[in-house]
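Visitor: Got a structure for you, written out below as structure tokens; questions coming shortly.
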Amino acid sequence: MSRVLILGSGGREHAISKSISNDKKVDKIFCAPGNPGTQEIGENVELDINNNIEILEFINSNNISLTIVGPEQPLENGVVDFIQSNGHKIFGPSRYSAKLETSKLFARDFMEKYNIPQPSYFKCSTEEEVVSVSTKLGFPIVLKADGLAAGKGVIICNNSLELDSAMDVMFNKKKFGKAAKFISVEECLKGEEISIFLVSDGKSYKILNSAQDHKRIFNDDKGPNTGGMGAYCPSPLLNDDLLEEIERTIIEPTINGMVNEGSPYTGFLYIGLMLTNGKPYVIEFNARMGDPETQVVLPMMNNSLYDLINSSFDSSFHEHEILNKEGYCVTVVLSALGYPDKYETHMLIKGLDKIDPNMYFHAGTIIDNNKNYYSNGGRVLNILGFGSTLAKAIKNAYSNIDKIEFKDMYYRTDIGQKGLNYIKELNDQ
Ligand code: AMP
Ligand code: GLY
């Protein structure tokens, strides 16, 4: 029997815990630090997930047979290298491989070396360099902090005023600290975004599904970037020809390139793409699953996530065929008004008992001794809807939301609308 430790505490980790718990071979799931959702599935443990020694001690003293890493920071801390070198199974990329996410410039240089399609980019560390690039590329232009910035290190500048203010934020105010010591100044690609999620054992890969996030806080993609306000899966933009092109020009050279670099990529890989004039270009790599995309990708999958992950440690990985459900899944993030800036916490959540427990994931919540749930973060809950069509999945998600309330609850009312527009355009062609 297997005892699994999952690192993280968001909706993503609740979704991973739930998928893992569907496998009868799993005896017990621990989640560190977890949330009330993961507590219902297994046991939450108060571990500092940025302390590799604490994690190792927990694994040793609790007979853990598999550890799964949710967020990016422990990857950058080298948790996979450390736990593996102590003889334990841990699913995720090494610190070096995770640089595909933790250093945007590493990723850009890697893609240049292996001829992977991407926007033009320049490494800059001074205002003079950025201004000189902007005269070459013209506006709009993208400024991207090299290091980790909680998904908020990208500024798109439409004119020189916006460029001045972005440079001020990155270089003078140092909003992103050391993460913006170097920045990638990029051509701004136009088109439609699509994300692909896969699992790799280092040599080969299995595509889980595609999805689309909604990163801005307000409807119609207005306002500041957030961690993600909702997602749907699969993306109607993906067809067999496009998938073949993405595999040939992006996924295969990435997996083979990392082997060539002497650091085979293992774990989940999330590839953010822009389709410009029908061609896929890499906007970003993430060395993990997305949040909230995991909350739609995993519920669509019929395979045992536990088996798939376990097989990536032996030679049976290639035998897996990923089987997904028909139709669509949508998740809408219920957030606290004010997020991604300041917001209040400890709002009583009502109505969760009125919806099917398979139709939501906990994110920033806590539970008290009387089993009342309260908000405890910016992104509070992820509410799901399934449907044979995207329109039905959207309708189901929003009708579940109608049953939930907490003070200052905020959510976007247009999650999935973009997908409906694509479907309409495809049908009109
Ligand atoms: P990232 O944190 O890299 O996902 O960037 C956040 C968002 O900024 C992406 O989802 C894109 O919408 C946008 N973005 C980033 N880089 C570019 C680029 N080079 N061209 C156009 N849009 C971009
Ligand atoms: N939802 C975007 C991310 O997880 O990076």
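Visitor: With a ≥ b ≥ c taken as the square roots of the eigenvalues of the C-alpha gyration tensor of the range 297-429, please select rounded if a/c is under 1.5 and otherwise prolate if a/b is larger than b/c or oblate if it is not?
Guide: It is oblate, given that a/c is not under 1.5 and a/b is not larger than b/c.
Visitor: Loop only per DSSP, at most 10 neighbouring Cβ atoms within 10 Å: give me the GluC sites (Glu not before Pro) in the range 326-429, ordered by residue number.
Guide: E326
Visitor: Principal axis extents for the chain, Cα atoms only, whole Å, descending order, please.
Guide: Principal-axis extents of the chain (Cα, largest first): 60, 48, 47 Å.
Visitor: Note down the nm distance, to one decimal, between modelled labels 7 Å out along Cα→Cβ at K181 and at D307.
Guide: The modelled label-to-label distance comes out at 4.7 nm.
Visitor: Sequence gap at least 6, Cα distance under 8 Å: using those rules, report the relative contact order of the range 5-154 to the nearest whole percent.
Guide: 16 percent
Visitor: Also: Calculate the length of the line joining the C-alpha centroid of the range 30-82 to that of the range 349-392, in whole Å.
Guide: So the two Cα centres are separated by 23 Å.
Visitor: Return the sequence-ordered ³J(HN,Hα) values of the range 138-155 in whole Hz as given by the Karplus equation 6.51 cos²θ - 1.76 cosθ + 1.60 applied to θ = phi - 60°, using x for Gly and Pro.
Guide: x, 9, x, 9, 10, 10, 10, 4, 5, x, 5, 9, 6, x, 10, x, 10, 10
Visitor: A follow-up question, please. Using amide H atoms built in the peptide plane, which far-off residues or other-chain residues are under 5 Å from T276 H to H?
Guide: Amide H neighbours of T276, under 5 Å, 5+ apart: Y281.
Visitor: Then there is this: When all C-alpha to C-alpha distances in the range 291-366 are sorted into bins of 5 Å, what percent of pairs does each bin hold, rounded to whole numbers?
Guide: Histogramming the range 291-366 at 5 Å steps yields 3, 11, 17, 17, 16, 13, 9, 8, 5, 2 percent.
Visitor: With N residues in the range 171-244, what two-decimal value do you get for its Cα radius of gyration over 2.2 N^0.38 Å?
Guide: This ratio for the range 171-244 stands at 1.46.
Visitor: Want the number for N370 to E40: 0.36 nm per residue separation, take away the alpha-carbon distance, what's left?
Guide: So the chain would gain 117.3 nm between N370 and E40.
Visitor: Something else now. Fully extended, how many nm does the chain gain between K424 and K136 (0.36 nm per residue separation, minus their Cα-Cα distance)?
Guide: 99.9 nm
Visitor: Sort 195-202, 225-232 by packing, meaning the average of other beta carbons within 10 Å per residue, with the highest value first.
Guide: The packing order, highest mean first, is 225-232, 195-202.
Visitor: Among the aspartates and glutamates, which fall within straight-line cross-link reach of K178, defined as a Cα-Cα distance under 12 Å, with same-chain neighbours fewer than 8 residues apart omitted?
Guide: Output for K178: D146.
Visitor: According to the square roots a ≥ b ≥ c of the eigenvalues of the Cα gyration tensor, what is the shape class of the range 168-319, taking rounded for a/c under 1.5, prolate for a/b larger than b/c otherwise, and oblate for the remainder?
Guide: It comes out prolate by the Cα gyration axes.
Visitor: Next up: Using the charge dipole of the range 82-145 (Lys, Arg: +1 at Cβ; Asp, Glu: -1 at Cβ; taken about the Cα centre), state which of Y121, S103, V133 has its Cα farthest towards the positive end.
Guide: Farthest towards the positive end: S103.
Visitor: Let me ask something additional. Size of the dipole of the chain about the Cα centre, Lys and Arg at +1 and Asp and Glu at -1 on the beta carbon, nothing else charged, in debye to 20?
Guide: 540 debye
Visitor: For N172 and E326, FRET efficiency with R0 = 60 Å and r from the beta-carbon atoms, rounded to 0.05?
Guide: The formula returns an efficiency of 0.70 here.
Visitor: If the reach is capped at under 18 angstrom between alpha carbons, list the aspartates and glutamates near K418, excluding any in the same chain fewer than eight residues apart.
Guide: E192, E193, D213, D220, D221, E293, D428
Visitor: Then there is this: Can you compute the charge dipole magnitude of the range 225-294 about its Cα centre, using +1 on each Lys and Arg Cβ and -1 on each Asp and Glu Cβ, nothing else charged? Give it in debye, rounded to the nearest 20.
Guide: I would put it at about 180 debye.
Visitor: Excluding L323 itself, calculate the net charge of residues whose Cβ lies under 14 Å from the Cβ of L323, where each Lys or Arg counts +1 and each Asp or Glu counts -1.
Guide: With Lys, Arg at +1 and Asp, Glu at -1, the net is -2.
Visitor: Related question: Sketch the reach of a paramagnetic label on E245 as a point 7 Å from Cα along Cα-to-Cβ, and name the residues of the range 278-321 whose backbone nitrogen lies under 13 Å away.
Guide: Taking a point 7 Å out along Cα→Cβ of E245, the residues of the range 278-321 whose backbone N falls under 13 Å are 278-282.
Visitor: Taking the Cα centre of the range 135-183 as origin, work out the dipole magnitude from +1 charges on Lys and Arg Cβ and -1 charges on Asp and Glu Cβ, in debye rounded to 20.
Guide: Using only the charged Cβ atoms, the result is roughly 240 debye.
Visitor: Please give the Cα centre distance for the range 5-28 versus the range 150-177, rounded to the nearest Å.
Guide: The range 5-28 and the range 150-177 have Cα centres spaced 37 Å from each other.
Visitor: Mind sorting K206, K18 by how few other Cβ atoms lie within 10 Å of their own Cβ, fewest first?
Guide: Going from least to most buried by this count: K206, K18.
Visitor: Here is a follow-up. Would you please classify the overall shape of the range 248-335 from the alpha carbon gyration tensor, given that a ≥ b ≥ c denote the square roots of the eigenvalues, rounded means a/c under 1.5, and beyond that prolate means a/b larger than b/c while oblate covers the rest?
Guide: Because a/c hits 1.5 or more and a/b fails to exceed b/c, the range 248-335 counts as oblate.
Visitor: While we're here: How long is the range 45-180 along each principal axis, judged by its Cα atoms, biggest number first, in Å?
Guide: Here the Cα extents, ordered largest to smallest, are 58, 35, 19 Å.
Visitor: Looking at the chain, what % of its DSSP beta bridges pair antiparallel, to the nearest 5?
Guide: The antiparallel proportion sits near 80 percent.
Visitor: For I90, enumerate residues with amide H under 5 Å from its amide H, sequence gap 5+ or separate chain, H modeled in the peptide plane.
Guide: HN-HN under 5 Å from I90: T67.
Visitor: Right, next: Please identify which residues in the range 31-48 have an amide N closer than 14 Å to a label point set 7 Å out from the Cα of N86, following the Cα→Cβ vector.
Guide: Hits in the range 31-48 for N86 at 14 Å: 47-48.
Visitor: If you don't mind, there's one more thing I want to ask. Go through K152/K203; K104/K325; K342/K392; K25/K325; K136/K222 and tell me which ones have a Cα-Cα distance over 26 Å in this structure.
Guide: The answer is K152/K203; K104/K325; K342/K392; K136/K222.
Visitor: Helix-derived [θ] at 222 nm for the chain: sum -39500 (n - 2.57) over DSSP H runs of at least 4, divide by residue count, nearest 500?
Guide: Calculated mean residue ellipticity at 222 nm is -8000 deg cm²/dmol.
Visitor: Could you tell me the distance between the Cα centroids of the range 237-284 and the range 107-131, to the nearest Å?
Guide: Their Cα centres are 18 Å away from one another.
Visitor: Grab the beta carbon distance between A391 and I156, set R0 = 30 Å, and tell me the FRET efficiency rounded to 0.05.
Guide: E(calc), rounded to 0.05, equals 0.50.
Visitor: Next question, about the same structure. What do you get for Rg/Rh over the range 203-292 if you use C-alpha atoms and the Kirkwood form of Rh?
Guide: When Rh is taken as the Kirkwood radius, the ratio is 0.99.
Visitor: Now, a different point. By how many nm would the segment from E127 to S204 lengthen if fully extended, with 0.36 nm per residue of separation less the alpha-carbon distance?
Guide: 23.5 nm
Read-outs: derived from the displayed coordinates by stated rules, not from any lab. Everything numeric in this text was worked out from a predicted model, so none of it was measured. FYI the Cβ positions are ideal-geometry reconstructions off the backbone, even for glycines, and counts take in every protein chain you see.
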